[in-house]
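K.L.:
The structure follows.
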Amino acid sequence: MVFNTGAALLDAIVLAVVSQTPEGTYGYKITQEVRNVIELSESTLYPVLRRLQKDDCLEIYDMEYAGRNRRYYKVTPRGWAQLKLYESEWRRYVDKITGLFEGRSIENIREGE
């Protein structure tokens, strides 16, 4: 993809992926799901997960799987609120950019705010 993905968009994408499984999901699966949308390495994902945990948007728990502990991530109430904010902001942003691509005037795009 030609467009850069900033920290806020990465946070939003990861929260959206984790929110699809209410009981939580693990890092490798998150990486695979995010890669369906954007290019992402595991070395990029784990700092995002740590930041979201530090911001109290994700909680972490371990569960045994095939004789080993697997770390799971689950969206917290604060994370759900943050995800709603990201969704709202994203929709406004996409509408504005789409308006430009469709040739709507700047005044009409601003009125949609």
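K.L.:
Quick check: is even one residue across segment 18-29 touching a Phe, Trp or Tyr at 6+ places or on another chain (Cβ under 7 Å) and on the phi > 0 side of the Ramachandran plot?
P.N.:
Among the residues of segment 18-29, at least one is touching a Phe, Trp or Tyr at 6+ places or on another chain (Cβ under 7 Å) and on the phi > 0 side of the Ramachandran plot, which makes the answer yes.
K.L.:
Hey, another quick one. So which of Asp56, Asp11 ends up being crowded, with 19+ Cβ neighbours inside 10 Å, of a type in the set (Asp, Glu) and under 16 Å from Gln82 (Cβ atoms)?
P.N.:
Asp11
K.L.:
Got a sec? Which of Glu39, Glu64 is of a type in the set (Asp, Glu), loosely packed, with under 11 Cβ neighbours inside 10 Å and within 15 Å of the chain's Cα centre (by Cα)?
P.N.:
Going through Glu39, Glu64 in turn, the sole match is Glu39.
K.L.:
Picking from Tyr65, Tyr73, which residue would you name as being of a type in the set (Ser, Thr, Tyr) and either in contact with a His (Cβ under 8 Å, 6 or more places away or on another chain) or modelled with pLDDT of 90 or more (or both)?
P.N.:
On the way: Tyr65 fails: either in contact with a His (Cβ under 8 Å, 6 or more places away or on another chain) or modelled with pLDDT of 90 or more (or both).
Being of a type in the set (Ser, Thr, Tyr) and either in contact with a His (Cβ under 8 Å, 6 or more places away or on another chain) or modelled with pLDDT of 90 or more (or both) holds for just one of Tyr65, Tyr73, which is Tyr73.
K.L.:
Next question, about the same structure. When you go through Glu107, Glu87 one by one, which is the residue that is assigned to a helix (DSSP H, G or I), at pLDDT 90 or above and out of contact with any strand residue (DSSP E or B) (no Cβ under 6 Å at 6 or more places or on another chain)? Let's see the steps before the verdict.
P.N.:
Values: Glu107 fails: at pLDDT 90 or above.
Unique residue meeting the criteria: Glu87.
K.L.:
Related question: For segment 66-85, how many residues are touching a residue at least 12 places away in the same chain (Cβ under 8 Å) and of a type outside the set (A, V, I, L, M)?
P.N.:
Of the residues in segment 66-85, 10 are touching a residue at least 12 places away in the same chain (Cβ under 8 Å) and of a type outside the set (A, V, I, L, M).
K.L.:
Sticking with this structure for a sec: Restricting attention to segment 42-50, does a residue exist that is closer than 21 Å to Asp11 by Cα and in contact with a strand residue (DSSP E or B) (Cβ under 7 Å, 6 or more places away or on another chain)?
P.N.:
Yes, that holds for at least one residue.
K.L.:
If you don't mind, another one. Restricting to segment 29-48, what's the tally of residues that are in contact (Cβ under 8 Å) with a residue 12 or more places away in the chain and either closer than 20 Å to Asp62 by Cβ or part of a helix (DSSP H, G or I) (or both)?
P.N.:
9
The values are calculated or read from the model by the stated rules, or taken from the named source; none is laboratory data. Model, not experiment: these values are computed from the prediction. Counting neighbours? That spans all protein chains shown, and the Cβs are built from the backbone with ideal geometry, glycine included.
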